[in-house]
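Enquirer: Got a structure here, written out as structure tokens. Questions coming.
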Amino acid sequence: MTDLSQLEADLSARVAAVQDLAALEAVRVEALGKTGSISELLKTLGRLSPDERREQGPKINGLRDAVTLAIAARKDHLETAALDARLAAERVDLSLPPPPERRGRVHPTMQVMDEMIAVFADLGFSLAEGPDIEDDFHNFTALNFPPRHPAREMHDTFWLPEDEAGQRKLLRTHTSPVQIRVMQQGQNHKLPGWIATSQSPPIRIIVPGRTYRSDSDATHTPMFHQLEGLVIDRNIHMGHLKWTLDTFISRYFETPVVETRFRPHHFPFTEPSAEMDVKCDRSGRDVKIGQGDDWLEIVGCGMVHPNVLANCGLDPDEWQGFAFGFGVDRLGTLKYGMPDLRDMFASDVRWLEHYGFSAFQAPNPATGLS
Ligand code: PHE
């Protein structure tokens, strides 16, 4: 005869000792499974006499119930402990920094424009803007391009279809038409508020903006950006122009001394006209401004043509001025070393991640921009 109290003591001890659910299940199968120790005892009941059965039955059933309860209690305990352990281990630590998010980048052209604007703002220039869609008058005629003159063809203009009035508008080929919009005296433009309104001299403006020419190679894109400058006052001469450009170039390229030279050139709207070159080193992969003994053309400029002043209602005997026009994207490629201008507008996010700027840059000591 099996000693029931001994069996119960053994099973209780084993149930209490198991440390995980798998071990507990093994004990359950051993005791209560088909061939488990308690199941075998229950099978013996059928072979007992009624009297013995009356005596043994409640004991064996009691043992089965007690062990079943003990296993259930232990299971509950182990499950709670496992959950507590998981909760402790998987606790969310709110003091941890969040995972990094993908941040946008500032396009180099916009960065360069900001840098340029900061330098010119410091020199006392204010901002003016004009429309991208221009008419022939502002883009050419008022700027002293004679009618049907080949200089108009040089700009590879994108012309728009004729409008109801039989006029063909165009995508401005340079930012110089804004010179006209600002200088035109007595004009009351019915134009959106952001477009520059006319001013009386003295005038000291810069005009950043998009420009368009039907042209595409490593140094030309059909859309590009210019930054125009215009100064009109009494007794303005080329010395002022040279100082302004020299000062800008040294601040923009963050080099104390940059050697520059004026090369004679022709623009219909300036007389004399020049292109300014900077000394540079082109021997390596990147162009190094302010070193070496190569020259690089960097800006078109000149003294505002008397005809342009007269076209705007200003007396050329009273007022003089200078103007210049930078290629913004090109200045970016020179400062930040991009080999092909076309990549600037290819909308390749990998390019932008590589060449783009953080919106939260440390202040630039040269420009004071942040
Ligand atoms: N508008 C000229 C260009 O696009 C640049 C320029 C501007 C030249 C102002 C002289 C004065 O090439």
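Enquirer: With every atom except the alpha carbons ignored, what do you get for Rg and Dmax of the chain, in angstroms?
Expert: 43.0, 139
Enquirer: Ok, one more. Which length gain, in nm to one decimal place, applies between R54 and S37 when the Cα-Cα distance is subtracted from 0.36 nm times their residue separation?
Expert: So the extension gain works out to 4.1 nm.
Enquirer: Which three lengths, in whole Å and largest first, does the stretch 4-89 cover when its Cα atoms are put on their principal axes?
Expert: Largest to smallest, the principal-axis extents are 58, 19, 16 Å.
Enquirer: Compute the length gained on full extension between R342 and L296: take 0.36 nm times their separation in residues and subtract their Cα-Cα distance, giving the result in nm to one decimal.
Expert: 14.6 nm
Enquirer: Ok, one more. Between D163 and R282, what FRET efficiency follows from the Cβ-Cβ distance if R0 is 41 Å, with the result rounded to 0.05?
Expert: Working: r = 46 Å, r/R0 = 1.13.
Rounded to the nearest 0.05, the efficiency is 0.30.
Enquirer: Could you identify which residue out of S49, S273, S214 has the top mean-square fluctuation in a GNM of the chain using Cα springs shorter than 10 Å?
Expert: Per the Cα network of the chain with a 10 Å cutoff, S49 tops the list.
Enquirer: Assuming R0 = 25 Å, what is the FRET efficiency of A88 and V349, from their Cβ-Cβ distance, to the nearest 0.05?
Expert: Numbers: r = 42 Å, r/R0 = 1.68.
Taking R0 as 25 Å, the efficiency between A88 and V349 is 0.05.
Enquirer: Can you give the Rg and Dmax of the stretch 45-187 based on its C-alpha atoms, in angstrom?
Expert: Final numbers for Rg and Dmax: 45.2, 132 Å.
Enquirer: What is the extension gain from A72 to A310, computed as 0.36 nm multiplied by their sequence separation minus the C-alpha to C-alpha distance, in nm to one decimal?
Expert: Result for the pair: 75.4 nm of gain on full extension.
Enquirer: Also: Between D156 and D233, what is the label-to-label distance in nm when each label sits 7 Å out along the Cα-to-Cβ direction?
Expert: Result for the modelled spin labels: 3.8 nm.
Enquirer: Given only helices, namely DSSP H runs of n ≥ 4 each adding -39500 (n - 2.57), what is the per-residue ellipticity at 222 nm of the chain, to the nearest 500 deg cm²/dmol?
Expert: -12000 deg cm²/dmol
Enquirer: Follow-up question, since we're still on this one. For the stretch 228-370, state what percent of all Cα-Cα pairs lands in each successive 5 Å bin, counting from 0 Å until the bin that includes the largest distance.
Expert: With 5 Å bins starting at 0, P(r) equals 2, 9, 15, 18, 16, 15, 11, 8, 5, 2, 0.
Enquirer: Of S37, F125, I205, which is farthest towards the positive pole of the chain's charge dipole, taken about the Cα centre with +1 and -1 on the beta-carbons of Lys, Arg and Asp, Glu respectively?
Expert: S37
Enquirer: Select from P264, C301, Q291 the residue farthest towards the positive end of the dipole of the stretch 224-359; place +1 on Cβ of Lys and Arg, -1 on Cβ of Asp and Glu, and compute about the Cα centre.
Expert: Going by the charge dipole, the pick is Q291.
Enquirer: Where in the stretch 318-340 is the amide nitrogen less than 20 Å from a point lying 7 Å along the Cα-to-Cβ axis of M223?
Expert: 326-333, 340
Enquirer: May I pose another question? Tell me which DSSP H helices of the chain clear both cut-offs, 18 Å or more of axial length from alpha-carbon atoms and a mean Kyte-Doolittle hydropathy of at least 0.5. Mind dumping the intermediate values first?
Expert: Values: long enough: 4-17 (20 Å, 0.44); 50-89 (57 Å, -0.55); 108-122 (21 Å, 0.58); 238-252 (21 Å, -0.21).
Membrane-span-like by this rule: 108-122.
Enquirer: With charges set only on the Cβ (+1 for Lys and Arg, -1 for Asp and Glu), what does the dipole of the chain come to about its Cα centre, in debye to the nearest 20?
Expert: On the way: 39 positive and 53 negative charges, 156 e Å.
Here the size comes out at about 760 debye.
Enquirer: Once both labels are modelled 7 Å past Cα along the beta-carbon direction, what's the S358-D317 spacing in nm?
Expert: Once both label points are built, they end up 6.0 nm from each other.
No lab work stands behind these numbers, since they all come straight from the coordinates. From a predicted model like this one, the values you see are computed outputs, not experimental measurements. Backbone-built Cβ (ideal geometry, glycine too); neighbour counts: all protein chains shown.
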